[in-house]
Amino acid sequence: GNPVLNREAVAMREQLIDDLKDTPAISSPVDLLYQELGEDIVGEVTARENMVVVRDGKQVAIPRKTDAANKANIRDFAEGKKRVLLFSMAGGTGSSYHADTTIPNQQLRRHYIMQPGWRADAAIQGLGRTHRTRQKQPPEYILVSTDIPGHKRFISSIARRIEQLGALTK
């Protein structure tokens, strides 16, 4: 009933806690793209309520008016004002992001699949937003993977489905 504390271990623990307090939060892949490419280039069509950007060396959470922001980003991407469009299943249901022959931005779409989820069929639906009829050229899909065996398994099932669509894969 009488705990014995090692003073050296307690001091090391306290120092570690102090050091961790100064460690910046790890940014999400979406936030990292904003930080690297800039808000003028990147558009987002998701259900996220906040986006995190770095301003004056500090991370700042900026509220998003989701519906209005999503619509504006889709329009800006179609017109070629935004060069990168990030989207999720929740953000743009029913929207099309392909290189349609009727819109100004007919550039090649490179679709990076960073978080495909557990179901290949759900990921394929998202991929279909950039691979549709009346497109100038088919998109290129890049499957981002880790060395984790379970992740590789899901990526490989999605790759097979993409190949069945006839889209270019990398």
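The values are calculated or read from the model by the stated rules, or taken from the named source; none is laboratory data. Since this is a predicted model, take the numbers as computed values, not measurements. Because the Cβ atoms are built from the backbone with ideal geometry, glycine has one as well, and the counts that use them run over all protein chains shown. To get the accessible areas, we keep the full protein, side chains included, count just its heavy atoms, and leave off ligands, DNA and RNA. Shrake-Rupley method; radii C 1.70, N 1.55, O 1.52, S 1.80 Å.
Tell me, what ³J(HN,Hα) does each residue in the stretch 144-154 have, in order and in whole Hz, if you take phi through Karplus 6.51 cos²θ - 1.76 cosθ + 1.60 with θ = phi - 60° and put x for Gly and Pro?
With the stated coefficients, the stretch 144-154 comes to 7, 9, 9, 8, 6, x, x, 5, 4, 4, 5 Hz.
Please report, in whole Å, how far the alpha carbons of the chain spread along each principal axis, starting with the longest.
For the chain, the Cα extents along the three principal axes come out at 75, 39, 24 Å.
Between the stretch 125-141 and the stretch 16-71, how far is it from one alpha carbon centroid to the other, in angstrom?
The stretch 125-141 and the stretch 16-71 have Cα centres separated by 28 Å.
Can you give the Rg and Dmax of the stretch 95-157 based on its C-alpha atoms, in angstrom?
When restricted to Cα atoms, the stretch 95-157 yields Rg and Dmax of 13.3, 42 Å.
If I take every Cα pair under 8 Å that is 6 or more residues apart in the chain, average their sequence separation and divide by the length, what percent do I get for the relative contact order?
With pairs under 8 Å counted, the relative contact order is 16 percent.
Based on the Kirkwood radius over alpha-carbon pairs, what is the Stokes-Einstein translational diffusion coefficient of the stretch 35-77 at 20 °C with 1.002 mPa s viscosity, in µm²/s?
Details: Rh = 11.1 Å.
The estimated diffusion coefficient comes to 194 µm²/s.
For the chain, build the charge dipole from Cβ charges (+1 Lys, Arg; -1 Asp, Glu) around the Cα centre, then report which of L16, Q164, P104 sits farthest towards its positive end.
Value computed over the given set: Q164.
So what J values fall out for the stretch 126-137 if you push phi through Karplus, 6.51 cos²θ - 1.76 cosθ + 1.60 with θ = phi - 60°, rounded to Hz, Gly and Pro as x?
x, 5, x, 5, 10, 9, 9, 5, 6, 9, 5, 8
For the stretch 1-157, with all protein chains present and a 1.4 Å probe, just round the carbon and sulfur fraction of the accessible area to a whole percent.
Of all accessible area on the stretch 1-157, carbon and sulfur atoms account for 55 percent.
With charges set only on the Cβ (+1 for Lys and Arg, -1 for Asp and Glu), what does the dipole of the chain come to about its Cα centre, in debye to the nearest 20?
Magnitude of the dipole: close to 840 debye.
So if I take the alpha carbon set of the stretch 1-92, get Rg, then get Rh from the Kirkwood formula, what is the Rg over Rh ratio? Intermediate values should be presented prior to the final figure.
Values: Rg = 20.6 Å, Rh = 15.9 Å.
Radius of gyration relative to Kirkwood radius: 1.29.
Applying the Karplus parametrisation 6.51 cos²θ - 1.76 cosθ + 1.60 with θ = phi - 60° to the phi angles of the stretch 17-29, what ³J(HN,Hα) value in whole Hz is obtained for each residue in order, glycine and proline being reported as x?
4, 4, 5, 5, 4, 8, 7, x, 5, 7, 7, 6, x
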